[in-house]
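Trainee: This is the structure I want to talk about, given as structure tokens.
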């Protein structure tokens, strides 16, 4: 708009009256004038085009509210800086992870229990949010929007050609790896040079073996990670022989490229890797299945966490307008657009079309047999992904779990005190 105004004024510079008229006309076209302004900042810059369309459509259909959506890189750093300055947006779009836990704990988010749109959200994702609270809170503080899923991606054409069956138990998975290897094909690829990729199989295995609130149980002094994570650690090690000779030689991009080029039959990673894989081989036929961590298929769970959710800030001055924005975001049209563009799972109930590469997980999604990523509870200071990488290199289960327990106590001491105080208070109340 400013460029258009400048061109108009320049073109009419010799005709003062006309120039003044044009300039005044341009400067008066303020779309925000007289409207309630709602600012939304989210941490998904890869979805900027989708959110630009949403903002444009919202503003075109609302005379009383003007919506601004910001999609910055490094959004969490920017948001935390703004929080310090007390320059909060009205709504934030963040993941269901430790940042959300910290914001709830600090009292920064509005209780939106009275927001009617919550009735349309799948209960499994609302439960995941409640589990993320350090200590149980009265109220609801987020609207889950889109989730991702992590398990094992596989080359469907390769599986069909060889007649390989999808494993439903841990023993079946190892037997399948042996069968694939016997045919001269690498069963799995890893990108463990990038430490964060170590969390993908770790999370996918763990959710079927430990309770979703295991971190809270540890904080309460009811158990230890040495007791709870031993089987997860041992099964992580059991997968290593079925990957490349040096699983730490390739980073995430390298592993995606290798899998896209048919160098392995399977890749234990999340659905978020699909766009990267397809950028290398657009014709690849990818499907997925849940990590079969258990001896009984009925005990398996899909590793699915909230990838994007919307929270209204506690100091938002226009709650009803913010709710109207949430309603618009939750319209089926834009939920579908978002999950299609991001290869995501909708947190909203409804008849949505999910990517075919999630077909092998669809039954778990429909049944709500899901559990959150364990690392969503880990403090960043622990750098658990690096700890897992070191463990996979050294292959010392005991040393790894001992360090996990000691570091947990070190970096969570304030939270542990709060949890224990809460438990004691509620015990006395009973």
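Since every read-out is calculated from the coordinates, none of them should be taken as a lab result. If you're wondering where the values come from, they're calculated on a predicted model, not measured in any experiment. Glycine also receives a Cβ, built like all others from the backbone with ideal geometry; neighbour counts cover every protein chain displayed.
Trainee: In degrees from 0 to 90, rounded to the nearest 10, what is the angle of the helix 75-84 Cα long axis to the longest principal axis of the chain?
Mentor: 60
Trainee: Ranking 52, 228 by Cβ neighbours within 10 Å, fewest first, what do you get?
Mentor: Going from least to most buried by this count: 52, 228.
Trainee: Put a dot 7 Å past each Cα toward the Cβ at residue 299 and residue 81; how far apart are the dots in nm?
Mentor: 4.9
Trainee: Please give the FRET efficiency for residue 367 paired with residue 33, using the beta carbon to beta carbon distance and R0 = 30 Å, rounded to the nearest 0.05.
Mentor: The computed FRET efficiency comes out at 0.05.
Trainee: Give me the extension gain from residue 314 to residue 182: residue separation times 0.36 nm, minus the current Cα-Cα distance, reported in nm with one decimal.
Mentor: So the chain would gain 41.6 nm between residue 314 and residue 182.
Trainee: Now a separate question. Would you order 42, 62 from fewest to most other beta-carbon atoms within 10 Å of each residue's own beta-carbon?
Mentor: 62, 42
Trainee: Could you give the length gained on full extension between residue 114 and residue 285, defined as 0.36 nm per residue of separation minus the Cα-Cα distance, in nm?
Mentor: Net length gain for the segment: 57.2 nm.
Trainee: Could you work out the relative contact order of the chain? I mean the mean sequence separation of Cα pairs under 8 Å and 6+ apart, divided by the number of residues, in percent.
Mentor: Working: 689 pairs, mean separation 102.1, N = 430.
In percent, rounded to a whole number, it is 24.
Trainee: Related question: Nearest-5 percent of antiparallel DSSP beta bridges in the chain?
Mentor: 65
Trainee: Run the quick spin-label model on residue 175 and residue 59: label points 7 Å from Cα toward the beta carbon, then report their separation in nm to one decimal.
Mentor: Taking the two extended label points, one gets 6.0 nm.
Trainee: A follow-up question, please. Between residue 137 and residue 222, how many nm apart are label points set 7 Å from Cα along the C-beta direction?
Mentor: It is 2.1 nm.
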